[in-house]
Structures are given as C-alpha cells and as structure tokens.
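Asker: Here you go, one structure.
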Amino acid sequence: MRKIKTLKKNYEFKYVLSKGTYYRGKYITVYVKGNNDSKNVIGIAINTKLGKAVKRNHAKRLVRENFRLLKDKISQGYNIVFLLNKNVEINKLEFFDIQKDMINLFNKANLFEKGKI
C-alpha cells in the first residue's frame with residue numbers, strides 16, 4: 001500500500017495557509033496551493049481544544065481515508081491542508097459527513113479531473 005505524501009514542517013503548513021486559497025465547508029476547511037511536484041501533498045491540522053489525542057487522531061484518520069479514496073480523481077500538483085472547523089463536535093464526526101464535505105469543497109476548488117466524478 002502506498003503512503004500519501006504529507007506536509008511535516010511548520011513552514012510548509014504556514015506557506016500553504018498564507019498563500020493558498022481556502023474553501024470552507026460544514027466540517028472542514030481546505031487550503032489549496034499549487035506546487036512544482038507531480039503529486040499531491042496533504043497536511044491535516046486539528047486544534048487541541050477540540051478533544052484529546054485519541055479523538056483528534058481518529059478525526060485525522062477519517063480525513064486521510066476520505067482523501068485516499070478520492071485521490072485518483074483529483075488533479076495532481078497541489079499542496080492541500082485540511083483544518084477541522086472549531087464548531088464541530090469531534091465525538092459526533094462521521095465518515096460520510098466528511099466525505100460529502102470533501103467532495104463539495106473539491107468541486108468548489110475545481111480539483112476534480114474532468115470525467116472522473
């Protein structure tokens with residue numbers, strides 16, 4: 001199984017958050033910035049005030065899995081940062097809610113390749 005490339009350094013997150021365009025959904029906010037690579041690179045950030053580590057890691061796994069299912073339909077060459085919204089109750093977060101939100105946000109950002117969705 002191939003791993004998804006991720007942003008790891010603080011300056012990488014800051015660059016995408018400051019220079020990228022954002023799209024806000026009900027559960028997540030997506031920041032998108034083009035890169036010079038032929039692959040998409042993602043970053044996931046969740047505020048510590050939303051819950052303890054177990055709940056935050058569960059939310060990250062949900063976002064990562066939804067992205068994995070959609071990554072073949074998305075155009076390549078972007079840095080994408082996912083932020084969980086403040087008003088989300090992390091205990092009630094569902095897989096399909098994130099999936100619907102992610103599809104809507106990627107449609108707004110025109111990230112889907114034509115004919116793939």
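The values are calculated or read from the model by the stated rules, or taken from the named source; none is laboratory data. Everything quoted here is computed from the prediction, not taken from an experiment. Glycine gets a Cβ as well: all are built from the backbone with ideal geometry, and neighbour counts include every protein chain shown.
Asker: Checking Y11 against (1) buried (at least 18 other Cβ atoms within 10 Å of the Cβ); (2) at pLDDT 95 or above; (3) farther than 18 Å from N107 by Cβ, which test does it fail?
Answerer: (1)
Asker: Suppose we filter K26, K49, K60 for residues that are under 14 Å from the mean Cα position of the chain (by Cα) and part of a helix (DSSP H, G or I); which single one remains?
Answerer: Exactly one of K26, K49, K60 is under 14 Å from the mean Cα position of the chain (by Cα) and part of a helix (DSSP H, G or I), namely K60.
Asker: A follow-up question, please. Please go through the range 31-65 and pick out each residue that is in contact with an Asp or Glu (Cβ under 9 Å, 6 or more places away or on another chain) and modelled with pLDDT of 95 or more.
Answerer: V41, G43, L62
Asker: Taking only the range 86-112 into account, find how many residues are surrounded by fewer than 12 Cβ atoms within 10 Å (Cβ to Cβ) and part of a loop (DSSP other than H, G, I, E, B).
Answerer: 5
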